[in-house]
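Participant: Submitted below is the structure of interest, expressed as structure tokens.
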Amino acid sequence: MTGTASQFDIRYSTSPITAANFASAARWTTGVPVPGLPGTLQNVVVTGLSPSTTYYFAIKTGDEVPNWAGISNVATKTTTVAPDVVRPAPLAISVPTLTDPTATLAWTASGDDSLTGTATTYDVRWSTAPITAANFASASAATGEPAPGAPGAAQSFMVTGLSRQVTYYFAVKVADEAGNSSAMSNVPSVTTPDTKAPASISDLVVGLTWMNWSSVAVLPRRGGGR
């Protein structure tokens, strides 16, 4: 417990480490500190480990000769689940059905991680101006979108509250449970029809007008003149 050691031999393994198998465990050499004075708290970061995996760690300390200490206690820790950084694949949407106030969008579900797994939410947007990645968030947001289906599932959604004879643009993004959002879908545009006929006239009336007159006869004058 006196003097300053010269080096550390840090080992790690996915199996329990013992004095017998210490030398066969993987050795970590990057960033290993030089031993400090006795009682100094020291640390090293071991990187490149697999997620959701239990690892065992042990150390031996050597002096300048080198004389090596016995194996340390064996610490164990399970790494966390790898963060989800893969976003869903973008959708290809179409507008197969229109009415005066509605447009039905249709698409094939993608996935949670690109084309695998099941995503979490859809964000359907519409606008009377072309939608781009830059203005997607400012376009009108639909409500009541369906939950994403399994990859390859045919899905549809009706956007309501539209006006007749107006051109609309539509776009959709997909999000997963980690908050990863897909790129924006294609942006189809359609013009709503006007199928509403004028109201029928219900107050038509007919009025009759009588015109009376008397005929006046003009008699010729005597003597050949009028």
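Participant: Restricting to the stretch 1-43, name every residue that is under 49 Å from the mean Cα position of the chain (by Cα), in a loop (DSSP other than H, G, I, E, B) and not hydroxyl-bearing (S, T, Y).
Facilitator: P16, I17, N21, A25, G31, V32, P33, V34, L41, Q42, N43
Participant: Among the residues in the stretch 165-180, are any open to solvent by 30 Å² or more (accessible area, probe 1.4 Å) and of a type in the set (V, I, T)?
Facilitator: Checked the stretch 165-180: at least one residue is open to solvent by 30 Å² or more (accessible area, probe 1.4 Å) and of a type in the set (V, I, T).
Participant: Can I ask one more? Say whether the condition of being of a type in the set (S, T, N, Q), modelled with pLDDT of 95 or more, more than 30 Å from A142 (Cβ to Cβ) and touching a Pro at 6+ places or on another chain (Cβ under 6 Å) is met by at least one residue in the stretch 15-23. Even if it seems obvious, please write down each step before you answer.
Facilitator: Within the stretch 15-23, the subset of a type in the set (S, T, N, Q) is 15, 18, 21.
Now drop any that are not modelled with pLDDT of 95 or more, which leaves 15, 18, 21.
Next cut, more than 30 Å from A142 (Cβ to Cβ) only: 15, 18, 21.
This time we only want the ones that are touching a Pro at 6+ places or on another chain (Cβ under 6 Å), so: none.
Within the stretch 15-23, none of the residues are of a type in the set (S, T, N, Q), modelled with pLDDT of 95 or more, more than 30 Å from A142 (Cβ to Cβ) and touching a Pro at 6+ places or on another chain (Cβ under 6 Å).
Participant: Take the stretch 139-181 and flag every residue that is assigned to a loop (DSSP other than H, G, I, E, B) and among the hydrophobic types (A, V, I, L, M, F, W, C).
Facilitator: Initially, the stretch 139-181 is screened for residues assigned to a loop (DSSP other than H, G, I, E, B), giving 139, 142-153, 160-166, 176-180.
Matches in the stretch 139-181: A139, A142, A147, A150, A153, L162, V166, A178.
Participant: Do we have any residue at all in the stretch 191-207 that's surrounded by 12 or more Cβ atoms within 10 Å (Cβ to Cβ), closer than 27 Å to D84 by Cβ and either in contact with a strand residue (DSSP E or B) (Cβ under 8 Å, 6 or more places away or on another chain) or not β-branched (V, I, T) (or both)?
Facilitator: The answer is no; no qualifying residue exists.
Participant: Pick out the one residue from T97, T76 that is part of a strand (DSSP E or B), farther than 20 Å from A171 by Cα and open to solvent by 60 Å² or more (accessible area, probe 1.4 Å).
Facilitator: Working: T97 fails: farther than 20 Å from A171 by Cα.
T76 is the lone residue from the list that is part of a strand (DSSP E or B), farther than 20 Å from A171 by Cα and open to solvent by 60 Å² or more (accessible area, probe 1.4 Å).
Participant: Across the stretch 100-123, what is the total count of residues that are on the phi < 0 side of the Ramachandran plot and open to solvent by 40 Å² or more (accessible area, probe 1.4 Å)?
Facilitator: If we filter the stretch 100-123 for residues that are on the phi < 0 side of the Ramachandran plot, which is where we start, we get 100-113, 115-116, 118-123.
Going one step further and asking which of them are open to solvent by 40 Å² or more (accessible area, probe 1.4 Å), we end up with 101, 108, 113, 115-116, 118, 120-121, 123.
Summing the residues that are on the phi < 0 side of the Ramachandran plot and open to solvent by 40 Å² or more (accessible area, probe 1.4 Å) in the stretch 100-123 gives 9.
Participant: For V172, are the conditions met, namely being under 14 Å from S140 (Cβ atoms) and either modelled with pLDDT of 95 or more or of a type outside the set (A, V, I, L, M, F, W, C) (or both)? Steps first, please.
Facilitator: Working: under 14 Å from S140 (Cβ atoms): yes; either modelled with pLDDT of 95 or more or of a type outside the set (A, V, I, L, M, F, W, C) (or both): yes.
Criteria met by V172.
Participant: Here's something else I'd like to know. Given (1) at pLDDT below 95; (2) buried (at least 16 other Cβ atoms within 10 Å of the Cβ), where does I71 come up short, assuming only one miss?
Facilitator: (1) is the only condition that I71 fails.
Participant: Let me ask something else about it. So which residues in the stretch 105-138 are in contact with an Asp or Glu (Cβ under 8 Å, 6 or more places away or on another chain) and either part of a strand (DSSP E or B) or modelled with pLDDT of 95 or more (or both), if there are any at all?
Facilitator: D113, T118, A119, T120, T121, Y122, D123, V124
Each row is one residue, and each column tells you yes or no for (1) under 30 Å from T2 (Cα atoms); (2) of a type outside the set (G, A, S); (3) touching a residue at least 60 places away in the same chain (Cβ under 8 Å).
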| site | (1), (2), (3) |
| --- | --- |
| P35 | yes, yes, no |
| G39 | yes, no, no |
| V45 | yes, yes, no |
| G62 | yes, no, no |
| V74 | yes, yes, no |
| V81 | no, yes, no |
| P101 | no, yes, yes |
| W126 | no, yes, no |
| F136 | no, yes, no |
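Participant: State the number of residues belonging to the stretch 180-213 that are among the basic types (K, R) and farther than 27 Å from T97 by Cα.
Facilitator: Going through the stretch 180-213 one residue at a time, the tally reaches 0.
Participant: If you don't mind, there's one more thing I want to ask. Within the stretch 50-65, count every residue that is surrounded by 12 or more Cβ atoms within 10 Å (Cβ to Cβ) and more than 20 Å from N21 (Cα to Cα).
Facilitator: 1
The values are calculated or read from the model by the stated rules, or taken from the named source; none is laboratory data. Since we're looking at a predicted model, the values are computed, not measured. Neighbour counts are summed over all protein chains in view; Cβ atoms, including those assigned to glycine, are modelled from backbone coordinates with ideal geometry. Quick note on the areas: whole protein, heavy atoms, side chains included, nothing else; ligands and nucleic acids left out. Shrake-Rupley method; radii C 1.70, N 1.55, O 1.52, S 1.80 Å.
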